[in-house]
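All remarks here apply to the structure that follows.
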Number of protein chains: 2
Amino acid sequence: MSSQDSPLHPIDDAVALEPAGDGRVRGRTVDAWANMVGPFGGTTAATMLQAVLQHPDRLGDPLSLTVNFAGPVAYGGFDIAVRPVRTNRSSQHWSLEMTQDDQVVTTATVVTGKRRETWSDTEAHLPDVPAPEDLETSEDFRGVKWVENYDIRFVEGAVPDQSSEEGAAESTTTMWVRDLPDRPLDHVSLTALCDTFFPRSFLRVGRAIPAGTVTLSIYFLATAEEIAAQGAGFLLGRDHAHRFHGNYHDATARMWGRDGTLLAMSHQLAYFKA
Amino acid sequence: MSSQDSPLHPIDDAVALEPAGDGRVRGRTVDAWANMVGPFGGTTAATMLQAVLQHPDRLGDPLSLTVNFAGPVAYGGFDIAVRPVRTNRSSQHWSLEMTQDDQVVTTATVVTGKRRETWSDTEAHLPDVPAPEDLETSEDFRGVKWVENYDIRFVEGAVPDQSSEEGAAESTTTMWVRDLPDRPLDHVSLTALCDTFFPRSFLRVGRAIPAGTVTLSIYFLATAEEIAAQGAGFLLGRDHAHRFHGNYHDATARMWGRDGTLLAMSHQLAYFKA
């Protein structure tokens, strides 16, 4: 199933869900987000978050999201069971399971809550990098369709040339990224943007290899107002890994608005074969 | 319920679970791990992991663990529903819920799997710091019992003096830490050790304030053999936050063995009131 004639923005098309009764919602994959195998993980994560956002019992804004990629998502329809497991005075915990043909393909937990004004400080500052207008949009061929939904401009750590003899000495990629076409930023699009870095293993090994995210956790460090204030502007993302070993590695990304607001941290564990 | 006469190590006492039928196991809190409200979150996390480790259908070693602290755990008994939601050829996904009086107090997801030998590299190296033998065991009063189960030696970012006028300029704590009494390291004790840093908000604000972890994710970056090779030696942990805003902040900790092996990354989102 696809929706190429839809007037919706690609990300809104991907996360469109309809009630399916009994605490479930139903969606389907969208061709525009095709990855190597199944849809882009960022849209799967955004879809899980959307299931919470549109739930009538939701309390507050997203604080955190953990998505576990249990198995490949097949192109086509899926169901999501979405359950508020605990509601406190100012926070709420959610558990979700995405199934296809009654097999679990993705699980997630989400925490939502009300934020209050408090003492505030940012320790991780927006790095001093060239403006996106002074960099070129990446035209790297990656063999996947979903990258066409983003304008990505690499500051450092671009996708390795397939003819390169060896990988980079470090796993850091710094890049500007925004939705194509333009779309005002919200928690849904920010979630997908948090997963737009190509695998750190590609960068270190120097070529595309079998790789994939196993689990992804996003912490929303900004208020909904701060996120909305970014409009359709570029975000700056910086991603790096701490260790590659035993066919798994971690990765940690910081996502800033162009105004310097640290919007989110995105952490993941990924497998690789090399 | 407590078990002060138990011959077990305190951490093994805390995670002791017995079958309760229908995919459930049963445990109880242990006095030695008392925190401000309820038990130390590190033991709750370790208990969730233990429920997977002792499950007869488990495939492989822990790769990741996410624990969501949905509500306060009361002293006394608890049940854990533990479910293998998806088993692949070399990895397995688990969902868990801890309940007390049928109310959910903690949720968790765990990924286990088999590791293979691959290309390997560590980018986050053990920092050059004084040896634990050249530092003093922290005697800071924290008003909580669980810290007595650890030998903590601060390199930087110690617990702020309650009479201090202001907080630290940065949220980084670097410390050596090991179990008391001695106990060979494994995934269970490593999980609890990953949560032994005091709240980053205490350090920045300069005093103890209402604070607590909302969600915690641990990525195991070492094999079981590398973890076991640490024996009962000190681990070096370095923890820091990226942003404090709207009564939440993140924290990211790296945990090395004394031999320089990066054993785990520990990420969390915590609330604070200041």
I'd like the residues of the range B:80-99 whose 1.4 Å-probe accessible area shrinks by no less than 40 Å² going from the isolated chain to the full set of protein chains.
B:85, B:86, B:93, B:97
Solvent-accessible area buried by pairing A with B, both sides, nearest 100 square angstrom, 1.4 angstrom probe
5700 Å²
Over chain A, what relative contact order in percent results from Cα pairs under 8 Å that are six or more residues apart?
17 percent
Which of rounded, prolate or oblate describes the range B:147-196 when judged by the alpha-carbon gyration tensor and an a/c cut-off of 1.5?
prolate
Can you work out the Karplus-derived ³J(HN,Hα) for every residue in the range B:119-127? Use 6.51 cos²θ - 1.76 cosθ + 1.60 with θ = phi - 60°, whole Hz, and x for glycine or proline.
3, 9, 6, 10, 9, 9, 8, 4, x
Distant-in-sequence amide H partners of residue A:246 (H built 1.01 Å from N, under 5 Å):
B:118
Per-pair calculated FRET efficiency, R0 = 35 Å: residue A:145 and residue B:36 via Cβ, rounded to 0.05:
0.10
Need one value: the accessible area of residue B:114 in square angstrom, 1.4 angstrom probe, rounded to the nearest 10.
110 Å²
Long-range HN-HN contacts of residue A:214 with modeled amide H, under 5 Å
A:269, A:270, A:271
So for the pair residue B:166, residue B:259, with labels modelled 7 Å out along Cα→Cβ, what separation do we get in nm?
4.5 nm
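Could you work out the longest stretch of chain A that avoids the GluC sites (Glu not before Pro) located in DSSP loops with at most 14 other Cβ atoms within 10 Å?
The longest such stretch corresponds to A:1-116.
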Per residue, in Å², the accessible surface of the protein assembly as shown once ligands and nucleic acids are set aside, probe 1.4 Å:
39 Å²
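Rounded to the nearest percent, how much of the accessible area of chain B (1.4 Å probe, protein heavy atoms only) is carbon and sulfur?
47 percent
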Restrict the search to the range A:92-145; then list the chymotrypsin sites (Phe, Trp or Tyr not before Pro) that DSSP places in a loop and that have at most 10 other Cβ atoms within 10 Å of their Cβ.
A:141
Using a ≥ b ≥ c from the Cα gyration tensor of the range A:1-155 (square roots of the eigenvalues), is it rounded, prolate or oblate, where a/c under 1.5 gives rounded and otherwise the larger of a/b and b/c decides, a/b for prolate?
oblate
Relative to the isolated chain, which residues of the range A:196-234 have their accessible area cut by 50 Å² or more in the presence of all protein chains (1.4 Å probe, heavy atoms, no ligands or nucleic acids)?
A:204, A:219, A:221
Could you tell me the center-to-center distance, by alpha carbons, between the range B:196-241 and the range A:65-117 in angstrom?
26 Å
Contact order relative to length for the range B:170-271, counting C-alpha pairs under 8 Å separated by 6 or more residues, stands in percent at 35 percent
Taking 10 Å² as the minimum loss, tell me which residues in the range A:115-134 lose that much accessible area going from the chain by itself to the full protein complex (1.4 Å probe).
A:115, A:116, A:118, A:119, A:120, A:121, A:122, A:123, A:124
So which trypsin sites (Lys or Arg not before Pro) in the range A:169-274 pass both tests, a DSSP loop state and at most 13 other Cβ atoms within 10 Å of the Cβ?
A:273
From the residues A:203, B:188, A:20, which one has its Cα farthest along the dipole of the protein assembly as shown in the positive direction, the dipole being from +1 and -1 charges on Cβ of Lys/Arg and Asp/Glu about the Cα centre?
A:20
Once amide H atoms are placed 1.01 Å from N in the peptide plane, what residues at a sequence separation of 5 or more from residue B:150, or on another chain, have their amide H within under 5 Å of its amide H?
B:180
Between residue A:57 and residue B:54, what is the FRET efficiency for a Förster distance of 35 Å, r being their Cβ-Cβ separation, to the nearest 0.05?
0.50
What does the copy distance list look like for residue B:145, label position 7 Å along Cα→Cβ, in nm and ordered from shortest?
5.9
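The values are calculated or read from the model by the stated rules, or taken from the named source; none is laboratory data. Being a predicted model, the structure only gives us computed values, none of them experimental. Positions of Cβ are generated from backbone atoms using ideal geometry, with glycine treated the same way; all protein chains shown enter the neighbour counts. Just the protein is used for accessible areas: all its heavy atoms, side chains included, with ligands, DNA and RNA removed. Shrake-Rupley method; radii C 1.70, N 1.55, O 1.52, S 1.80 Å.
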